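Visitor: One structure is given below, represented as structure tokens, and several questions about it will come after.
Please treat every number below as a calculation from the coordinates, not as lab data. Remember, it's a predicted structure, so these values are computed and weren't measured experimentally.
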Amino acid sequence: MKILIVAISLSLFSMGAFAQKNTTKTDTKKAPAKTEQKTAASYRCPVCGATADKAGNCTKDKDVTLVKVGDYYCPDCYMTSTKPGKCTMCNVEMKKMETTSAKK
Ligand SMILES: [Zn+2]
Ligand SMILES: [Zn+2]
């Protein structure tokens, strides 16, 4: 009979240990699992927002040149520039190309 009690208490103990492990796991939510972001995409299409890891034209918008993230582009004619300011073609304030679209 003693053995049975020991076995039960042992299993209870191990269960408790498991439960503790689980709670500690949820407690330490700091664990950076989300930090693994796609860093490859360094070019974006100003029209559809598609990303690419190299310069070129958008696969969907054939005549639109991809804008390098961090560079500026004209929302009207999609002319790109490394500096902020107005588009030399249509005098429109150029926008900065961000890695993600409109973060609030
Ligand atoms: Zn596009
Ligand atoms: Zn323009």
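Visitor: Given H placed on each backbone N at 1.01 Å, which residues far from SER81 in sequence or on other chains put an amide H within less than 5 Å of it?
Guide: TYR72, TYR73
Visitor: Check VAL67: other-chain or 5+ apart residues with amide H under 5 Å from its amide H, H built from backbone geometry?
Guide: So VAL67 has HN proximity to ARG44, CYS45.
Visitor: Rounded to whole Hz and in sequence order, give me ³J(HN,Hα) for the range 50-61 from the Karplus expression 6.51 cos²θ - 1.76 cosθ + 1.60, θ = phi - 60°, writing x for Gly and Pro.
Guide: 5, 10, 8, 9, 9, 5, x, 9, 5, 5, 8, 9
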